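For reference, the structure discussed in these notes is given below.
The values are calculated or read from the model by the stated rules, or taken from the named source; none is laboratory data. Please read these numbers as outputs of a predicted model, since none were measured by experiment. A quick note on method: Cβ atoms are made from the backbone with ideal geometry, for glycine too, and the neighbour counts reach across all protein chains shown.
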Amino acid sequence: MSPIGTKIKEIRLKKGMSQEELATESQVSLRTIQRIENNENEPRGKTMQLICETLAINIEELLDYGKQEDRQFLGFFHLSIILGIIFGVGGILIPLILWMTKKDKIIGLQRIGARTLNFQIWWLILMVIIPTIGFVIIFNQGMIGIKGMTSIMLIPVVMMIINAVLAIIFAVFNFRGKQITYPSIIPMIK
């Protein structure tokens, strides 16, 4: 049986609700609530949604039951981005491997990992596109020279430094228990 029922019962009791109140407010039968809390049945679909709305919780909170909180792992997950500076695509591959192996075991990693990977993919694309556009502009303008080439070559270096600083900042926040991560640009990984 699923421990989701146990989690529902714990949350209901913390909110000071009886089974009858939960049943009435969620429009789910009392017998169904009793079966769920005794782990005889697992709530699905609409029933799960109604119970979660009544208890003012996200469905993910129930589904995360059994996951462990691991601040260190979340911090190291962010620091793994720095490997991208050293190994190029390692800033995507290593976090991807860490995310795929641990996302079902660590609270918050599903969201943090997806947002981080989406950001890193778009960041890598920009690190290629921006200098390419710069080179095209310089060649079209006929301004080929040391200054122009140096300026364009510095763009990816500056972007790598910014990426490393962001990774360190987010790692520190996660070590302290605040699950802060990159902004969601255009989600490719969910």
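Summary table below
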| read-out | value |
| --- | --- |
| Residues of the stretch 98-140 classified as among the aliphatic types (A, V, I, L, M) and under 20 Å from PHE175 (Cα atoms), total | 7 |
| Condition broken by CYS52, with the remaining ones in (1) in a helix (DSSP H, G or I); (2) in contact (Cβ under 8 Å) with a residue 24 or more places away in the chain satisfied | (2) |
| Output for the stretch 136-161, where each listed residue is modelled with pLDDT of 85 or more and hydrophobic (A, V, I, L, M, F, W, C) | LEU154, ILE155, VAL157, VAL158, MET159, MET160, ILE161 |
| Top-ranked residue of the stretch 86-135 - restricted to ones that are among the hydrophobic types (A, V, I, L, M, F, W, C) and touching a Phe, Trp or Tyr at 6+ places or on another chain (Cβ under 6 Å), ranked as modelled with the lowest pLDDT | ILE106 |
| Among (1) part of a helix (DSSP H, G or I); (2) touching a helix residue (DSSP H, G or I) at 6+ places or on another chain (Cβ under 8 Å) - the single one ILE57 does not satisfy | (1) |
| Close pairs (7 angstrom Cβ cut-off, 6 or more residues apart or separate chains): more than 19 Å from ILE180 (Cβ to Cβ) in the stretch 102-128, polar (S, T, N, Q) anywhere | LYS105/GLN68 |
| Within the stretch 162-188, tally of residues that are closer than 18 Å to PRO95 by Cα and at pLDDT 85 or above | 14 |
